[in-house]
Amino acid sequence: MSNGTWIHPGHEKLQKVVPFITDPLVFLNSYQTMLFESSFSYVEEEDELFFVYKGSVVEPRELPWVDSEKILLIAVNENLGDDVAIGLDYRTGENSPIVVGTHWLNGDKGCEWEIISDSISDFLHSLENQT
């Protein structure tokens, strides 16, 4: 990030890699901003609308749920109210997070999380290879 390589690849490239997120995203440019955006402090046990649970309080769950204590958001909605994001899901290990993104279900069924890539390096490589 500090050397300027962590920049938004462009909406078209991102859309090709993550077709289920159609709203514009902002790539977060500092670790502090990522931590701030990743704060799900309102989640005491679970949030059924956003498929977020607190792992220290409830039993572990698989995707489409994410653990509020083990996710780091790296990109969030550009427009207020879109409520879309891309994050690193650290439930797979401290050194091997998977990349996940939000996917709005039809109707009022919520916003579940879906795998984008098995690793951040694979995700970035996929973005680089888009023309």
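Every number in this text was worked out from the coordinates using simple rules, so none of it is lab data. Owing to the predicted nature of the structure, the values given are computational and were not obtained by experimental measurement. Reconstructed Cβ throughout: ideal geometry from the backbone, glycine too, with neighbour counts over all protein chains shown.
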Open item on the list: I'd like the antiparallel share, as a percent to the nearest 5, of DSSP beta bridges with both residues in the chain.
Closed with: 90
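Rounded to the nearest 0.05, what FRET efficiency do residue 56 and residue 30 have when you use their Cβ-Cβ distance and R0 = 25 Å?
0.45
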- [ ] Could you tell me which chymotrypsin sites (Phe, Trp or Tyr not before Pro) in segment 1-102 are loop residues by DSSP with no more than 11 other beta carbons within 10 angstrom of their beta carbon?
- [x] 42
Task: Rel. contact order, % - alpha carbon contacts under 8 angstrom, at least six apart, the chain - done: 23
- [ ] Net charge near residue 78: determine it from the other residues with C-beta under 14 Å of the C-beta of residue 78, scoring Lys and Arg +1 and Asp and Glu -1.
- [x] -4
Task: the chain, dipole about Cα centre (Lys/Arg Cβ +1, Asp/Glu Cβ -1), debye to the nearest 20 - done: 440
Task: Structure-derived mean projected area of the Cα convex hull in nm²: which label, when the choices are [x] 7.4; [y] 9.3; [z] 8.1 - done: [z]
